[in-house]
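The values are calculated or read from the model by the stated rules, or taken from the named source; none is laboratory data. The model shown is predicted, which means the values in this text are computed figures rather than measured ones. Note that we place each Cβ from the backbone using ideal geometry, even for glycine, and neighbour counts take in every protein chain shown. SASA here: full protein model, heavy atoms, side chains in, ligands and nucleic acids out. Shrake-Rupley method; radii C 1.70, N 1.55, O 1.52, S 1.80 Å.
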Amino acid sequence: DDNLYAYTCLVHDGVEVFGMSSRKVRASPPGLGRATVIETFQDSNVRDESRKLIEVFGISGPIATEFKRDNNGSYWFIEANVGRTEYCVDLAIDSGFNVPLIEFACATNRPVLPVTSEPKPAVWYDTDKEPFCYWSLCFRQRSIRPFGKKPVFPYFKKERAVVVLAALVAAVRQMIGRAIGKFGFFLRRERSS
């Protein structure tokens, strides 16, 4: 899971307005699922490979390219999301890129100046898909700031507390359902013996 890298950027009239690389830390289910923890990760190889693709295809707009790094350190292109950023757009926003404002300016033909600052270090936790991913990393790293970076949560604003609560309730129900299923399996097996 931790060898998947991405480059998220916005290109307007051939000029990159902002760009940042990131690394998948964790997925659910592990090994084949959607990323649930993604960190900002400055990687010039990912940036350079992405820029080559964008230049060759003449792509404009929000773009997210993904690469897998092999054991030799080579990057293999996997996919490009063109016309949208990654679903972890909160990571780019909390890293210092006002993505909604930049996209609005581009869409309404307002002047757009390239952002030259480096992204602020942050880690995005998909607490909707995997409600305990943050706490799991905190426990593993013995820190409330895993990787020493600012934690970023989707839906963690006052108006979205209901979504966080709903995800936690669903996770608890799923765990209880699995426990009941396993207990029932053992009871049936015991009765048939």
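Out of region 109-135, which residues are among the small types (G, A, S) and surrounded by fewer than 13 Cβ atoms within 10 Å (Cβ to Cβ)?
Within region 109-135, just S117 meets the criteria.
Select from region 140-161 the residues that are more than 11 Å from D128 (Cα to Cα), open to solvent by 100 Å² or more (accessible area, probe 1.4 Å) and either at pLDDT 80 or above or of a type outside the set (K, R) (or both) and list them in ascending order.
Result: R140, R142, I144, R145, E159.
Would a scan of region 90-103 turn up a residue that is among the acidic types (D, E) and over 18 Å from R23 (Cβ atoms)?
Yes, region 90-103 contains at least one residue that is among the acidic types (D, E) and over 18 Å from R23 (Cβ atoms).
Quick check on my filter: what residues within region 44-95 are of a type in the set (D, E) and within 16 Å of the chain's Cα centre (by Cα)?
E66, E79, E86, D90, D94
Tell me yes or no: at least one residue of region 81-89 is modelled with pLDDT of 90 or more and either of a type in the set (F, W, Y) or open to solvent by 50 Å² or more (accessible area, probe 1.4 Å) (or both).
no
Give the number of residues within region 90-99 that are polar (S, T, N, Q) and open to solvent by less than 40 Å² (accessible area, probe 1.4 Å).
1
Go through region 22-34 and give me each residue that's surrounded by fewer than 24 Cβ atoms within 10 Å (Cβ to Cβ) and at negative phi.
R23, K24, V25, R26, A27, S28, P29, P30, L32, G33, R34
Taking the options C106, C9, name whichever one is open to solvent by less than 50 Å² (accessible area, probe 1.4 Å) and touching a His at 6+ places or on another chain (Cβ under 8 Å).
Exactly one residue qualifies, and that residue is C106.
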